[in-house]
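Here's the structure, in structure tokens; my notes come after.
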Amino acid sequence: MKLLEDRIISEGRVKPGDVLKVDSFINHRMDIQLFNEMGREWKRIFDGVPINKILTIEASGIGIAAIAAQYFNASVVFAKKTRTINLDGELYVSSVESFTHQCTYSVVVSKKFIVPSDNILIIDDFLANGSAVTALMDIIGQAGASLAGVGIAIEKGYMPGGRLLRDMGIRVESLAIIDSMDPVSGNITFRRN
């Protein structure tokens with residue numbers, strides 16, 4: 001998606017350790033017009049696929065998923081990283097190894113919000129090693145629901161996550177796939193389909 005790639009080039013900052021800082025338009029300050037176009041593009045890509053629910057993980061995926069959901073006439077459920085006192089009843093639980101935070105944590109979803117009849121699209125901001133997506137897939141599997149596909153804003157194509165998911169037969173649709181990033185020059189190259 002050229003619009004997203006252009007924003008990454010103009011405002012993204014490459015940091016050491018394979019970190020792409022996009023906090024000015026995705027994961028701190030959110031550009032709702034950009035999110036709207038991303039949602040419209042995922043709807044075009046997944047046209048004809050029955051989707052009634054979007055699943056994401058807090059926090060950066062929530063805004064993107066919520067805006068995209070309007071195109072699918074779907075509700076959004078987000079996996080919580082912490083159990084709060086207002087989480088009641090039975091929970092689906094899975095583990096995520098965070099690339100950005102360099103730690104492992106559990107995510108939870110209330111069993112009342114994902115049921116076997118759901119057709120779920122996972123949406124997230126980044127795909128690197130694939131741990132967040134596989135944790136969400138695990139939750140979908142625990143619920144006996146169906147995975148319709150995965151929508152990613154920015155995939156680090158040189159990291160294993162996208163390949164591993166696609167090798168499993170998962171439909172992954174990334175709006176921008178980065179082939180390389182150089183923290184010294186700040187250069188970013190994208191994969192062209």
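Readers should treat all values here as calculations from the given coordinates under stated rules, not as data from a laboratory. Keep in mind that this is a model prediction, so the values were computed, not measured. Neighbour counts are summed over all protein chains in view; Cβ atoms, including those assigned to glycine, are modelled from backbone coordinates with ideal geometry.
Below are the figures for this structure:
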item: Principal-axis tilt of helix 2-11 within the chain, Cα atoms, nearest 10 degrees; result: 60 degrees
item: Neighbour-count order for Lys111, Lys80, Lys53, fewest beta carbons within 10 angstrom listed first; result: Lys111, Lys80, Lys53
item: Expected 222 nm ellipticity per residue - DSSP helices of 4 or more, -39500 (n - 2.57), all of the chain, to 500; result: -9000 deg cm²/dmol
item: Diffusion coefficient, µm² s⁻¹, Stokes-Einstein with Kirkwood Rh over alpha-carbon pairs of the chain at 10 °C and 1.306 mPa s; result: 94 µm²/s
item: Packing-based order for 122-133, 56-67, using average beta carbon neighbours within 10 Å, highest first; result: 122-133, 56-67
item: Using alpha-carbon coordinates, inclination of helix 131-143 to the longest axis of the chain, degrees; result: 20 degrees
item: Among the listed pairs Lys2/Lys156; Lys15/Lys80; Lys53/Lys80; Lys2/Lys43; Lys80/Lys112; Lys81/Lys156, those beyond 20 Å (Cα-Cα); result: Lys15/Lys80; Lys81/Lys156
item: With Cα atoms, 0 to 90° folded angle of helix 60-72 axis to the chain main axis; result: 70 degrees
